[in-house]
Amino acid sequence: MSKQSVFLSYSSRDRDAAARFEEALERLGLEAFNPVRELQAGEDWRKSIQAAIKRSHALIVLMTTPQSGESSWMAYEAGVAEALGKPIMVLLPSKYPVAELPADVAAGQVLDFDPKAPEGAAREIVHRLVPA
């Protein structure tokens, strides 16, 4: 069986939190496709994003605030995942109500996320994706 993988969608303002979360996922054995790190200049980003989401087992939308979800790329990535029937998991600190999320991401499973301690959310993602 191939290693489980996720596509990590986030706003550039959440780059540091995304890096910490990606490291936590990888320590737990989950591969994370990080478009900021993996896409190259001159590459057709739309096609590359579509292909990466298709290969992934889920889309993880990471937000440190509801306003983080205002990125047009995040909306595009969520739309691709939805069209492909991929699970969408939204990470958001519990102090923010789900009602404040943009509609295109609010339909996903919303999980609590502490940007300073991403290991808890990473364990929850692994628990949901990796068969026991």
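If you average 1/r across every pair of different Cα atoms in segment 5-129 and take the reciprocal, what Kirkwood value do you get, in Å?
14.2 Å
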Mind listing the phi-derived Karplus ³J(HN,Hα) values for segment 97-106, rounded to whole Hz, using 6.51, -1.76 and 1.60 with θ = phi - 60°, and x for any glycine or proline? x, 4, 4, 7, 6, x, 4, 5, 10, 5
Counting Lys and Arg as +1 and Asp and Glu as -1 over every other residue whose Cβ sits under 9 Å from the Cβ of S5, the net charge comes to +1
Among A106, A51, A75, whose mean-square fluctuation peaks in a Gaussian network model of the chain (Cα, cutoff 10 Å)? A51
List the lysines whose Cα sits under 26 Å from the Cα of K47, skipping any in the same chain fewer than 8 residues away. K3, K86
Taking the Cβ of each residue in L91, L30 as the centre, tally the other Cβ atoms inside 10 Å and list the residues starting with the fewest. L30, L91
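When the helix-only estimate is applied to the chain (DSSP H runs of n ≥ 4, each -39,500 (n - 2.57), divided by the residue count), what is the mean residue ellipticity at 222 nm, nearest 500 deg cm²/dmol?
The per-residue figure over the chain is -12000 deg cm²/dmol.
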Tell me, what is the FRET efficiency for Q109 and D44 to the nearest 0.05, using R0 = 30 angstrom and their Cβ-Cβ distance as r? 0.50
So the FRET efficiency between E124 and A19, C-beta based with R0 = 22 Å and rounded to 0.05, is 0.75
Using 0.36 nm per residue of separation minus the Cα-Cα distance, give me the extension gain between K116 and K3 in nm, one decimal. 38.0 nm
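Only the coordinates and a few stated rules stand behind these numbers; no lab work does. Only a predicted model underlies this, so the values are computations on that prediction, with no experimental measurement involved. A quick note on method: Cβ atoms are made from the backbone with ideal geometry, for glycine too, and the neighbour counts reach across all protein chains shown.
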